Amino acid sequence: MTLPVPTLAPRPFLVGLFLVTALTLALEVLLTRLLSVITWYSLAFLVIGMGLFGLTAGAVRVYSTPALYGPTRIGAQLARDALLLAAAIPVSYVLLLLVPLRVEPAATTVVLFVVFAGIIALPFIAAGTLVAASLTRTSLPIGRVYAVDLAGAAVGAPSAPLLLGWLDGGSAILAMAVFAALASWCFARSASDPAASRRALVAMVFLGAITGLNAWSDHGLVPLWVKGRPEDRRDLALETWNSHSRVQVSEERVGTPILWGRGKCPQVHVAQRWITIDGDAGTALYRADPDVASLRFLACDVTSAVHHLRPTGPAAIVGVGGSRDLQTALMFGHTPVTGIELNGRLLEVLKGPLGAGAQVADSDHVTLIHDDGRSWLTRSNDTFSVVQMSLVDTWAATGAGAHALGENGLYTVDAWRAMLARLTPDGLYSVSRWYQGGRDETRRLVALAVAALLERGTTRPRDHIAVVSAGAVATLIVGASPLTARDLQRLDDLERRLNFAVRYRPGEGLGVGPDAATLAPILDSPTRAALDAVTLEDELDLRPPTDDRPFFFNLLRMGAWFTTLADDSGGPIEGNRRATLALMLAFLASVVLGVVAIVVPLVLRGRRRCGAPTSPRALLAAGALYFSLIGVGFMLAEIALLQRLGIVLGHPDYSLVVVLSSLVGAAGLGSLLTDRLPVARAPGCYIGPVIIAMVLVALAAGVDAGAAALAPAPLWQRVTVSAGVSALLGIALGTAFPTGMRLFGRALAEETPWLWGMNGVGGVLASSGGIILAHAVGLRSLFLLAAGTYVLLLPLIAFARRTAAGAVRGSDGEAHT
């Protein structure tokens, strides 16, 4: 069967498609950022699922209404659909601001999640319609069209961080509507429709004005509900966004200083601001005297315990925040002090007028570095008497049950080995986390320390470790060498003077402290295998995370997700459970919407075609499985690659700019190459899946060693190698879709939009399932599972060639579907 030739001008049509896919990927990133503010981080993954759901639902619409996308009507219809996309973006954004989403175990919450998910999906359904019609209802070479589709996606993903450098999150989202109107104009031009062109230009001007006004005003369309509660913006001195946070700085107030783990402290007052990150996490910004002597109260916070043991020498602070740890180091007498902060917006605050009173940005003794702490310390040749990391997370991991991967890279054995390597012979590494009497992150911290020390060849890790707590915070201190008698004496002195609780320190037998007996099995583990055995409990998984399984903040085992643990009183465990409940509710909402918007229309359409012969039915089932598998495989490979190379590159923006754009852009090149390759006949149709599987197996085998070798390299080398690896995999992955279209498209011409939709269904399942699988089996296994999905394509290809032999022979040697 030969598709009719549409009356479309190719160049404006392809530009319009490029704009649609670029803005769709950018919108996905931007909505993920928005949801990280107004809801919990785990729900940010709902955007990915709803994005893929919307693309699938849009494909079903094209499949169910073929008359709208006939050869004489497709250009005008694409222009109308792009205008619908332009309207859906601001409507969806405003509705998301108005709905106060809560995570509660109640039936009402299920309905609320379905409504919330549907609001997210609105623009993606319109975008899915445009993409599906472009890919399956034109006679342009499928390799070229799919290449433009992927090229747009490659440009769109990294454009979001650039936009957030200029605009707030809401204005950046509204700007996507302007690009949608521009795409409508391109489609109208491709169809030579002057009236549609004028409508698109009017929409562009109108939406551009709204975007500009919103960006200019401090009282525009902003979130009013954050984390299920109303947000009070009256005390706001500054709000700024980037790709991984929204930072708000309050007006300065004089009051009792905010401390994390308060010991015995004199009553003082200090001028301070409160910095809020994504509506929930926060840190204090204190005004200080030039010599920071006015901040002596910081000495009675348990996060400062390491400075009481090592009060002088070079110090490195991982996670500067509001600069309180920098001020503490200066107050004790450390010099020089190096502050390493991933979030550039926080450094901008410290270097600007609001942070001038902190006395750190202009200090001759302080160097501020915008980088990932682990990455910088791995590359540095400097050594420090103290390396400190206090409560470094923005709830991105704690509150999300580790579904957000960015900050987990600081809490792995590989990372801690790098941290310990930067200590002087008598240096100390200090990490502060939340403490709940043992059923918390503290035991996992100790296990991490023991694992890192064992890998350094330490025979008695317990002699290098101490744990001190106050209030709800515990500080782990790890020595490059065994703690000295003087160190132990100072710890005991802290307990007497400041009421710090020494939970464990080295001593006779099991050591000294109320947690000594509890920690003994961990501290005395002679090997890594023995350590893993004692830290894998019935309900909690406290095994030391690695770069392959970097989920430090996920403490609950799968079997304990829906059980009540003894002594469970909130904190990290409650964060895990809340994240899991949110993930389950999001999955349920996806299922409900999928049944309503995808399954029901397909069943109704299938009944109208119930007289179809058996062979096409079997071929349709094989095609559905083929395209679902490549959706699953691509998403699993993408998740694993983004996480592993993200650690190498050292910044989440680099992962978007380098890894994702290289992967998706190269996939477009791979698609384009299929127009010149014999992928519709043997052996060409079998070679692509085999090559993809081989590349994925090679990545699984070599990614750990390669990442370790590359970590100390300069940025340009890490970027070059990461881009090259991503591009190599992307070229291979990009061949699978057009190959499938050539194999199945001739015999199933009317069903090609549905096949494209099944590709989206596979991606929806893998976007959430991939995270769960990574928790269970690790990222290397994710590469292998992705390879397995492509191996499964081989029998489907063989079946398609046998069943649709006539159609395939008719297309042999051609470059068009």
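The values are calculated or read from the model by the stated rules, or taken from the named source; none is laboratory data. These numbers come from a predicted model, not from an experiment. Glycine also receives a Cβ, built like all others from the backbone with ideal geometry; neighbour counts cover every protein chain displayed. Keep in mind that these areas ignore ligands, DNA and RNA; they rest on the heavy atoms of the full protein, side chains included. Shrake-Rupley method; radii C 1.70, N 1.55, O 1.52, S 1.80 Å.
The spacing between segment 70-138 and segment 779-797, judged by their C-alpha centroids, is 31 Å.
Between helix 485-498 and the chain there is an angle of about 90 degrees, using the helix long axis and the longest principal axis of the Cα atoms. The longest part of the chain holding none of the exposed loop chymotrypsin sites (Phe, Trp or Tyr not before Pro), meaning those outside H, G, I, E and B in DSSP with at most 13 other Cβ atoms within 10 Å, is 167-561.
Between the helical axis of 169-190 and the longest alpha-carbon principal axis of the chain there is an angle of about 20 degrees. Helix 661-673 axis versus longest C-alpha principal axis of the chain: approximately 20°, rounded to the nearest ten.
Taking the Cα centre of the chain as reference, the dipole from Cβ charges on Lys and Arg (+1) and Asp and Glu (-1) amounts to some 2380 debye. In this simple spin-label approximation, residue 455 and residue 701 carry label points 7 Å from Cα along the Cα→Cβ vector, and these lie 2.3 nm apart.
Charged neighbours of residue 270, selected by a Cβ distance under 14 Å, balance to +3 (K, R count +1; D, E count -1).
With the simple model of a label 7 Å out from the Cα in the direction of the Cβ, residue 484 to residue 291 spans 2.7 nm. For segment 271-403, the antiparallel share of DSSP beta bridges with both residues in that region comes to about 30%. Per-atom-type breakdown for segment 236-275 gives carbon and sulfur 52% of the accessible area (1.4 Å probe, protein chains only). Calculation over all alpha carbon pairs of the chain in 20 angstrom steps from 0 returns a P(r) of 16, 46, 29, 9, 0 percent.
Think of a 1.4 Å ball rolled over the protein heavy atoms: segment 118-168 then has 25 Å² of accessible area per residue.
With each label modelled as a point 7 angstrom along the Cα→C-beta vector, the residue 777-residue 417 pair spans 2.5 nm. Positive contributions from Lys and Arg (+1) and negative ones from Asp and Glu (-1), summed over other residues with Cβ under 10 Å from the Cβ of residue 127, come out at -2.
Could you state the number of Å between the C-alpha centres of segment 506-545 and segment 718-762? Their Cα centres are 47 Å away from one another.
For segment 88-142, the equivalent ellipsoid built from the Cα gyration tensor has semi-axes of 33, 13, 6 Å, listed from largest to smallest.
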